Amino acid sequence: MLTTVNKLNLIIAISTIVMTTPASADSASSKDRQSGISAVMVVGSSQAGTSEFQRGVYSQLFYEAKRCLESGVEVERLNNDVTICNSKAYGKADPQECANRKKQLDAKIQLTGTQSNLVACSKDPQVLQARYGDATVEAASAGDKDAQICYVEGQWSTSSNKESALYRGKAELYMKQAFARGDWRVVQLLTIPSESVGHGGAGRLVNLPIIGSPFTVYRANRLLEFGATGQYLDLVKSQAQDAKASLSQAQIENANTWAWQEFKRHFTTSPKLSTQPIPCLTYATPVP
């Protein structure tokens, strides 16, 4: 939580940011939006023109908004579980099961009302979404690496609809930077299969042409194989095999070469993976 002094500093910092930050993402021209050039320019100028203190402010707002959104979604899920359990539309439910679900919901609601880092969260889902989206955009542009991965994941909406036009250009830049630092989370985002894309489970990632293709899924899983261990390695190999069935021999060889080269170039010092890396939001990544 912010102290009184930090809140004062926060107000001053935000005022300074509004006055000094170069042209924002939402002020780019229509022509630049189409080409994606302005997105890269905005990111570069924002990072260069943002002080360390301002970046810290943006990061703090981002982590708080993310925590609030995840908590709000969990409350909504638990509430839906209780509603479904008590509904006769799905047949007669086990009373004890319904009671257990209600107990989980009550415990979570109590926690959000007493835990210091959740008590200030809005109870309005739309407010939670907008605050998270706005905070993600700002923190990512200021250079926060976690926010950049969340931006790429694309499970956000903002208080305006202007940022959507810049998504592809900025997301591709953030992905390139994540690869350069050996961040497994960005590789995980590339494993989203066509089935998830078709059912709307890919969020804004559908704006990236490579997402959902068997070639992308195969080579991303092949890359993950070099970092995966144990049961997670078995899962990654299985997913690669599923995608491989749709590829030509030339594509398979190309993907294998790419995966090995990328691993040697960027991921040799990255931590080993015993479980699937969660790119950003805990509820947006399905458990294998």
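The values are calculated or read from the model by the stated rules, or taken from the named source; none is laboratory data. Here the structure is a predicted model, which means the values were calculated and not measured. Ideal geometry is used to build each Cβ from the backbone, glycine not excepted, and the neighbour counts take in all protein chains shown. Quick note on the areas: whole protein, heavy atoms, side chains included, nothing else; ligands and nucleic acids left out. Shrake-Rupley method; radii C 1.70, N 1.55, O 1.52, S 1.80 Å.
Within the range 106-148, which residues are surrounded by fewer than 24 Cβ atoms within 10 Å (Cβ to Cβ) and among the aliphatic types (A, V, I, L, M)?
ALA107, ILE109, LEU111, LEU118, VAL119, ALA120, VAL127, LEU128, ALA130
Out of curiosity, is GLN47 in a helix (DSSP H, G or I), modelled with pLDDT under 90 and open to solvent by 40 Å² or more (accessible area, probe 1.4 Å)?
So GLN47 fits the description; yes.
Only one residue in ALA171, ALA180 is under 29 Å from ARG265 (Cα atoms) and open to solvent by 20 Å² or more (accessible area, probe 1.4 Å), so which one is that?
Criteria check complete, one pass: ALA180.
Please enumerate the residues belonging to the range 124-143 that are part of a loop (DSSP other than H, G, I, E, B) and within 23 Å of GLU52 (Cβ to Cβ).
Once the filter is applied, which keeps residues that are part of a loop (DSSP other than H, G, I, E, B) and within 23 Å of GLU52 (Cβ to Cβ), the range 124-143 yields ALA142, GLY143.
Report, by residue number, each residue of the range 250-270 that is in contact (Cβ under 8 Å) with a residue 60 or more places away in the chain and crowded, with 17+ Cβ neighbours inside 10 Å.
GLU262, HIS266, PHE267
Considering only the range 225-243, how many residues are under 17 Å from SER194 (Cα atoms) and surrounded by fewer than 19 Cβ atoms within 10 Å (Cβ to Cβ)?
Within the range 225-243, residues that are under 17 Å from SER194 (Cα atoms) and surrounded by fewer than 19 Cβ atoms within 10 Å (Cβ to Cβ) number 3.
Does the range 233-242 contain at least one residue that is hydroxyl-bearing (Ser, Thr, Tyr) and part of a helix (DSSP H, G or I)?
Scanning the range 233-242, I find at least one residue that is hydroxyl-bearing (Ser, Thr, Tyr) and part of a helix (DSSP H, G or I), so the answer is yes.
Within the range 149-168, how many residues turn out to be open to solvent by 10 Å² or more (accessible area, probe 1.4 Å) and hydrophobic (A, V, I, L, M, F, W, C)?
Residues flagged as open to solvent by 10 Å² or more (accessible area, probe 1.4 Å) and hydrophobic (A, V, I, L, M, F, W, C) within the range 149-168 amount to 2.
From the list LEU281, LEU247, LEU273, exactly one residue is among the hydrophobic types (A, V, I, L, M, F, W, C), surrounded by 15 or more Cβ atoms within 10 Å (Cβ to Cβ) and touching a strand residue (DSSP E or B) at 6+ places or on another chain (Cβ under 6 Å). Which is it?
One residue alone meets the criteria, LEU273.
Report, by residue number, each residue of the range 197-224 that is open to solvent by less than 40 Å² (accessible area, probe 1.4 Å) and not in a loop (DSSP other than H, G, I, E, B).
Scanning the range 197-224 gives GLY203, LEU205, GLY212, THR216, VAL217, TYR218, ALA220, ASN221, LEU223, LEU224.
For the range 81-105, name all the residues that are assigned to a helix (DSSP H, G or I) and either open to solvent by 70 Å² or more (accessible area, probe 1.4 Å) or hydroxyl-bearing (Ser, Thr, Tyr) (or both).
Within the range 81-105, THR83, ILE84, ASN86, LYS88, ALA89, TYR90, PRO95, GLN96, GLU97, LYS102, LYS103, GLN104 qualify.
Which numbered condition in (1) touching a Cys at 6+ places or on another chain (Cβ under 7 Å); (2) part of a helix (DSSP H, G or I); (3) touching a residue at least 24 places away in the same chain (Cβ under 8 Å) is the only one that CYS121 fails?
Among (1) touching a Cys at 6+ places or on another chain (Cβ under 7 Å); (2) part of a helix (DSSP H, G or I); (3) touching a residue at least 24 places away in the same chain (Cβ under 8 Å), CYS121 violates only (2).
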